[in-house]
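Working notes, beginning with the structure itself.
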Amino acid sequence: MTHFLSCSEDGIVCIWDSRPVEKEAIRASPDFIWKPFLQITLFRPDGSGDLGLSKVLLYPKQTTTTFWAASDEGDLALVDWSVKPVVAPGQSAEEAAKFAEYVKKMYEGERNYRPVVALERSPFFDDLILTVHDFHFCIWKTSLESFNGPIFRSANTFGSHNTCGAFSPTRPGVIFVTKTDGIDVWDFIDQSNKPSLTLNFATSAITYFKFQYFKHEDRKQYMAYGDEADGTLFLYEVPPNLKNPQEKELDTIEEFWQREILKCTDVIERREK
């Protein structure tokens, strides 16, 4: 991996080349500035202004020029950085680049004027994306061309607000959502109207967490999380009931998401009548 991507709330996305720079070139230019390999500016498709981003989502070993991103106002967008700006007569290249259609899809169903705090892809379903907002989370099925909203929206969090979230790497039906006062575990095999379990072992607000994806010799699964008070990193061993998949869990969860799609479609049809 020699390149990485950065985003900002003013709509600027930069792709950086991290390969080492020759020392001789730096010595020859004392005021050397590391510049991005590519820089684009995103605008909302409706022309209402910049599309600032808070999170981006790439595939491991990605080879395409598209990526999913979450905005600083709760939107979900598909961006293609390879689009070539069309220069109109009397227009400069810089002006054309400002209005290039980098945004290919825009989902504004959860726009709430607050940034998305987590953006993750299901390790079991490539077209399922999780967005975690301040007081709820949403599941999006990106392969649905005619549907512009999430297929599932969780109940609101009360008494605290969400800080991060992710799919379980080993159980298709489990989602972990961290909050300022603990961790909510949503087990869709058990129920979908509220968390199945709340872990209250955090001594201060959890700001970020990540699963360890490689397998240990002892077959244990660990989750690393950091707190807000002292910046301390903790390792938490995921209990077996939240680590080991149940029998035919993948098929059961796939059927569950299909029912959620039918439910959303039915609601839309009723509203149109």
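All of the numbers you see were taken from the coordinates with simple rules; none came from a lab. All figures in this text were calculated on a predicted structure; none of them were measured in a lab. With ideal geometry, Cβ positions are generated from the backbone for all residues, glycine too; neighbour counts draw on all protein chains shown.
So who's got an amide H within less than 5 Å of the one on Phe135, skipping anything under 5 residues away but keeping other chains? H placed 1.01 Å off N, in plane.
When sequence neighbours closer than 5 places are left aside, the close amide H contacts are Asn162.
When only C-alpha pairs under 8 Å and at least 6 residues apart count, what is the relative contact order of region 117-273, in percent?
16
Using a/c under 1.5 as the rounded threshold, could you call region 176-273 rounded, prolate or oblate? The axes a ≥ b ≥ c are square roots of the C-alpha gyration tensor eigenvalues, and prolate needs a/b larger than b/c, oblate otherwise.
oblate
Could you compute Rg(Cα) / (2.2 N^0.38 Å) for region 1-113, with N its residue count?
In units of the 2.2 N^0.38 Å rule of thumb, it is 1.22.
List, in order, the whole-Hz ³J(HN,Hα) value for each residue of region 162-168 obtained from phi through the Karplus relation with A = 6.51, B = -1.76, C = 1.60 and θ = phi - 60°; use x for Gly and Pro.
6, 10, 6, x, 6, 6, 5
Output ³J(HN,Hα) for region 113-123: one whole-Hz value per residue in order, computed from phi by the Karplus curve 6.51 cos²θ - 1.76 cosθ + 1.60 with θ = phi - 60°, and x for Gly and Pro.
For region 113-123, the Karplus-derived couplings read 6, 9, x, 6, 9, 7, 9, 9, 10, 5, x Hz, x marking Gly and Pro.
Between region 142-216 and region 31-52, what is the separation of their alpha carbon centroids in Å?
Cα centroid of region 142-216 versus Cα centroid of region 31-52: 31 Å apart.
Search the structure for amide H atoms under 5 Å from the amide H of Lys55, placed 1.01 Å from N in the peptide plane, and list their residues when 5 or more places away or on another chain.
Ala70
Could you size up the charge dipole of the chain around its Cα centre, putting +1 on the beta carbon of Lys and Arg and -1 on that of Asp and Glu, and report it in debye to the nearest 20?
320
In the structure displayed, which of Lys23/Lys55; Lys55/Lys105; Lys194/Lys273 lie more than 25 Å apart, Cα to Cα?
Result: Lys23/Lys55; Lys194/Lys273 exceed 25 Å.
For region 207-264, what class follows from the C-alpha gyration tensor (a ≥ b ≥ c being the square roots of its eigenvalues): rounded when a/c is under 1.5, otherwise prolate if a/b is larger than b/c, else oblate?
oblate
Could you tell me the ratio Rg/Rh of the chain? Both radii from Cα atoms, Rh via Kirkwood.
With Rh from the inverse mean 1/r over Cα pairs, Rg/Rh is 1.01.
Got a sec? Charge dipole of the chain, +1 on Cβ for Lys and Arg, -1 for Asp and Glu; which of Gln258, Met223, Ile26 is way out at the positive end?
Positive-end residue among those listed: Gln258.
Would you please put 178-189, 11-22 in order of how densely packed they are, using the mean number of other Cβ atoms within 10 angstrom per residue and starting with the highest?
With the highest mean Cβ count within 10 Å placed first, the list reads 178-189, 11-22.
In whole Hz, what ³J(HN,Hα) sequence does region 227-238 give by Karplus (6.51, -1.76, 1.60; θ = phi - 60°), x for Gly and Pro?
3J(HN,Hα) across region 227-238, in whole Hz: 9, 8, 5, 10, x, 7, 9, 10, 10, 10, 7, 5.
How would you classify region 109-240 from its alpha-carbon gyration tensor, with a ≥ b ≥ c the square roots of the eigenvalues: rounded for a/c under 1.5, else prolate if a/b is greater than b/c, otherwise oblate?
It is oblate, given that a/c is not under 1.5 and a/b is not larger than b/c.
Quick check for me: using +1 on Lys/Arg Cβ and -1 on Asp/Glu Cβ, what's the dipole size of region 1-113 about its Cα centre, in debye to the nearest 20?
480
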